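Heads up, the thing below is written out as structure tokens.
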Amino acid sequence: MSKASAAPAPLNPRANEDKALRFVARQPIFDREEKVFGYELLFRDGVQNAFTGGDSDAASRSTVDSSLLMGLDVLCDGKRAFVNCTKDTLIKGLITLLPSTKTVVEILESVPADPDVIAVCQSLREAGYQIALDDYVTDDAREPLAMMSDIIKVDMKLTTPLERAALVKKFAPWHRRMLAEKVETREEFAEAKEQGFAYFQGYFFRRPEVLTTRDMPANRVNYLRMLRAVSAADLNVPELERLIKGEASICYRLLRYLNSAAFGFKSEIHSVRHALSILGEREVRRWVRLVAAVGAGQDKPSDLVLASLVRGQFGELLSPRVQHGESDLFLLGLLSLIDAMLEIPMSAVLEKVPLDKETKAVLLGQPSVLRPVYQLMLAHESGEWQAAAQLAASLHLGPEDVAGLYWQAQQWAREVSGGA
């Protein structure tokens, strides 16, 4: 299957030679408990390679090269990396440059099950690599490869429910783990899980389940109360302190985050009152929004929290470069997944948290002047490089500059979430 901004650092260590940046996106793959099993990595080398491509061999080589440069531990947080491979990548042995214990060799649908490919896959299995087949369908010509694969990926959009059920039934006796791709709703996730799929890939975890038969747990109400307090026009510091002290996990997280290297304070912050006294109003608002959002997602997939942090920081870094009126782009990105974290509709969240009209509109999927910025966040997140380039141009930004900012946001989010 396919706070202030510093000058963006080169993503490619050889950037001084070829002036190319590394564009990177990753899509999480979940197990049946909605825990992250691994990530499919999507790379391009730079603007030309990213947006004019069509050369799948070059893209596959770039994936391996970029994985070596950046490191799979950094890119995948210690989880497995699914790396797309063409026949050329397989035959030349490029994938063996990556560690077998962390790499899943994902064989694209264009790769034939010929003797050369079968021989290479057998060697890779013996070396400890896992093999995954991409976009597997009924009567697939790659059945000889399926018999030696560990994971078989089935696209929800290319198959019917009956075809998927038949594939699961066919390969279950062979102990093949089935992965459902393009899972976009909670209902599709439940259906694939019921059919026997072991892994799931798509955006279902960012589509909140609408719950109408149970109350929101008390701690989630507290997160909303804190978000509402810091979104008020006039900040009531004593009331905010009271709310924070009323939620032990938030107190702990606040102090832990503020004493981390990400914030760089010279002296240790040892109390909520101390923190509120040394921070300016803008930072107090930002600080509480950050930790309340992370707290709201503490029982959710880790990638959900990380994605909200990346979106928020990306918005913050874009702020000096785009027109956004009175809207807070950090808040836009941070709250864009709050409905999934709290498991309530976005409309219900926004009834409790006062936001400006444009931010509220874009979060509800309505017309807004902020929509291009929000779409730019999503395009970089999902590796839709052509769309990202077009959106950057519409905002009078250079695609490589934007890619540098997104990389900074990813690094910042990983550092901050590491203290969670």
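Quick rundown of the values:
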read-out	value
Count of the range 349-398 residues which are under 21 Å from the mean Cα position of the chain (by Cα), outside any helix (DSSP H, G or I) and either of a type in the set (K, R) or over 27 Å from L227 (Cβ atoms) (or both)	2
Exclusive hit being farther than 15 Å from F30 by Cβ and crowded, with 17+ Cβ neighbours inside 10 Å, set L145, L179, L162	L145
Residue match in the range 345-354 (condition: closer than 17 Å to L395 by Cα and either touching a strand residue (DSSP E or B) at 6+ places or on another chain (Cβ under 8 Å) or of a type in the set (A, V, I, L, M, F, W, C) (or both))	no
Matching residues in the range 170-227 - criterion: being small (G, A, S), touching a Lys or Arg at 6+ places or on another chain (Cβ under 6 Å) and modelled with pLDDT of 90 or more	A198
Yes/no for D77 being at pLDDT 65 or above and either open to solvent by less than 10 Å² (accessible area, probe 1.4 Å) or under 14 Å from the mean Cα position of the chain (by Cα) (or both)	yes
Every pair of residues 6+ apart whose Cβ atoms lie under 6 Å, when the first sits in the range 359-385 and is under 16 Å from G315 (Cβ atoms) while the second is of a type in the set (K, R)	V362/R371; M377/R311
Criterion violated by D401 - all others in (1) open to solvent by 30 Å² or more (accessible area, probe 1.4 Å); (2) over 17 Å from V322 (Cβ atoms) satisfied	(2)
Residues of the range 117-153 satisfying the condition of being assigned to a strand (DSSP E or B), over 14 Å from T86 (Cα atoms) and in contact with a Ser or Thr (Cβ under 8 Å, 6 or more places away or on another chain)	Q130
Among (1) open to solvent by less than 10 Å² (accessible area, probe 1.4 Å); (2) within 20 Å of the chain's Cα centre (by Cα) - the single one D339 does not satisfy	(1)
Tally of residues being open to solvent by 10 Å² or more (accessible area, probe 1.4 Å) and either farther than 24 Å from V416 by Cα or not basic (K, R) (or both) across the range 80-101	12
Pairs where the first residue, in the range 176-197, is in a helix (DSSP H, G or I) and the second is of a type in the set (G, A, S) and surrounded by fewer than 19 Cβ atoms within 10 Å (Cβ to Cβ), C-beta under 8 Å, 6+ apart	Q195/A165
Which listed residue, of A392, A361, A348, is of a type in the set (A, V, I, L, M) and open to solvent by 20 Å² or more (accessible area, probe 1.4 Å)	A348
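The values are calculated or read from the model by the stated rules, or taken from the named source; none is laboratory data. From a predicted model like this one, the values you see are computed outputs, not experimental measurements. Ideal geometry is used to build each Cβ from the backbone, glycine not excepted, and the neighbour counts take in all protein chains shown. These accessible areas exclude ligands, DNA and RNA; they are computed on the full protein's heavy atoms, side chains included. Shrake-Rupley method; radii C 1.70, N 1.55, O 1.52, S 1.80 Å.
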